[in-house]
Amino acid sequence: MTPAKNPLVAFGAGKVILLGEHSVVYGYPAIAGPLSIGVVARGVPSRSCVLDVPVTADAAQKRMMRKAFARAARLVGEPKVKVTLEPQLPLSAGLGSSAALAVATSRVLLQAAGQAPTPKETARLAWEMEQEFHGTPSGVDHTTSAEEKLILYRRVQAPSGATGRARELKSPRPVSVVVALAGARSPTKLTVGALRERQARWPERYKRLFGQVGRLVTDAAKAVEAGDLEGLGDAMNVNQGLLNALGLSSPALEDMVFRLRSMGALGAKFTGAGGDGGAVIGLFSEPEPVVARLTRDGVRCFASQLAGPRAQGDIP
């Protein structure tokens with residue numbers, strides 16, 4: 001295959017799960033939305049198909065990135081392109097950094113191979129990379145990033161393996177969150193593995209809890225489409241309570257949840273795997289003053305609009 005002729009640039013959005021993390025792995029629905037920040041991938045002509053891994057990655061991360069890249073590259077004929085990555089997201093914070101990387105990289109590989117980087121084709125290629133990163137991911141992260149829309153997602157089992165179905169959720173009002181980092185996050189595999197052990201030991205108890213989360217997600221989806229931000233926020237608060245009941249929260253996460261609520265959040269919860277720390281999201285009608293105040297207090301944070309009408313000139 002001939003080298004890519006022109007420099008290529010692609011973006012992969014990070015993500016937050018508004019409701020339904022963990023239970024989505026067991027076939028229950030989740031609501032997830034794309035962030036305004038993520039990973040930028042750039043491709044330039046090269047003698048071979050190669051990934052220039054970020055210097056900030058440790059040895060294990062570099063090996064995993066190269067394996068994932070090689071897996072995706074083989075599926076598009078290994079176009080002669082050198083891909084470099086510019087991460088904007090904090091790594092391992094529950095914000096879909098690996099999915100954003102996979103989506104951005106997949107878009108560059110598809111373009112370099114002369115194929116259109118449609119959401120469907122991008123998601124197909126990114127899914128291969130995500131399996132290298134996580135083994136058996138739910139699929140919600142890369143789907144959200146590839147679609148770049150607020151979605152209602154459910155994992156389904158097909159003859160060819162696990163896959164997912166997504167439906168866009170449209171809101172007549174802006175759905176905006178403040179994302180704040182709290183504590184040091186535990187590895188996802190440890191958090192998920194410990195929950196899986198408890199679920200296997202007391203299956204009926206955990207099935208009831210997952211079922212309650214699933215019903216909350218359905219209620220929240222209706223609230224989004226009705227523009228009922230108060231209803232959505234309340235569902236987020238209840239979901240946080242259930243995540244705590246599932247043994248997934250921590251003092252650092254709970255402190256940030258209550259801090260955001262005290263600042264006027266309509267709802268607040270952690271997003272992602274949970275554990276000792278990670279990202280906490282708060283639903284705000286006016287997030288900018290909250291970001292300014294938290295930043296002054298030394299909290300790493302940012303705001304992002306996930307759905308709804310945008311002010312003229314806003315970047316989607």
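Just wondering, is there one or more residues in the stretch 90-110 that are among the β-branched types (Val, Ile, Thr), under 20 Å from the mean Cα position of the chain (by Cα) and closer than 30 Å to Gly211 by Cα?
no
Could you tell me which residue of the stretch 280-300 is nearest to the chain's Cα centre (by Cα), considering only residues that are of a type outside the set (Asp, Glu) and farther than 25 Å from Gly227 by Cβ?
Among them, the one singled out is Arg300.
From the list Arg185, Arg196, Arg205, pick out the single residue that is surrounded by fewer than 14 Cβ atoms within 10 Å (Cβ to Cβ), over 29 Å from Leu169 (Cα atoms) and of a type in the set (Lys, Arg).
Arg205
With a cut-off of at least 1 residues that are assigned by TED's automatic domain parsing to the domain that holds Gly14 and either within 16 Å of Ala307 (Cβ to Cβ) or at pLDDT below 95 (or both), name the helices (runs of 4 or more DSSP H) lying wholly within the stretch 134-234.
Numbers: elements: 140-147, 188-201, 203-226.
The qualifying helices (runs of 4 or more DSSP H) are 140-147.
I need the full set of residues from the stretch 118-142 which are open to solvent by 50 Å² or more (accessible area, probe 1.4 Å) and either under 17 Å from Lys80 (Cα atoms) or of a type in the set (Ser, Thr, Tyr) (or both), in order please.
Thr118, Thr136 - these are the residues of the stretch 118-142 that are open to solvent by 50 Å² or more (accessible area, probe 1.4 Å) and either under 17 Å from Lys80 (Cα atoms) or of a type in the set (Ser, Thr, Tyr) (or both).
Can you name the condition, by its number, that Arg63 falls short on among (1) buried (at least 24 other Cβ atoms within 10 Å of the Cβ); (2) assigned to a helix (DSSP H, G or I)?
Result: Arg63 fails condition (1) only.
Which of the following residues is surrounded by fewer than 24 Cβ atoms within 10 Å (Cβ to Cβ), among the small types (Gly, Ala, Ser) and in contact (Cβ under 8 Å) with a residue 40 or more places away in the chain: Ser23, Ser36?
From the options Ser23, Ser36, the qualifying one is Ser36.
Report whether or not Gly282 is part of a strand (DSSP E or B) and not hydroxyl-bearing (Ser, Thr, Tyr).
When the stated conditions are applied, Gly282 passes them.
Residue under question is Ser106, and the condition is that it be assigned to a helix (DSSP H, G or I), touching a residue at least 24 places away in the same chain (Cβ under 8 Å) and farther than 15 Å from Val16 by Cα; does it hold?
Answer is yes for this residue.
If I filter the stretch 171-196 down to residues being touching a residue at least 12 places away in the same chain (Cβ under 8 Å) and small (Gly, Ala, Ser), which single residue comes out as nearest to Glu130 (Cα to Cα)?
For the stretch 171-196, the residue satisfying everything is Ser186.
In this structure, does Arg215 turn out to be among the charged types (D, E, K, R) and touching a residue at least 40 places away in the same chain (Cβ under 8 Å)?
In short, no.
The values are calculated or read from the model by the stated rules, or taken from the named source; none is laboratory data. What you see is a predicted model; the values in this text were computed from it and never measured. Positions of Cβ are generated from backbone atoms using ideal geometry, with glycine treated the same way; all protein chains shown enter the neighbour counts. Please note that ligands, DNA and RNA were not included when accessible areas were found on the heavy atoms of the full protein model with its side chains. Shrake-Rupley method; radii C 1.70, N 1.55, O 1.52, S 1.80 Å.
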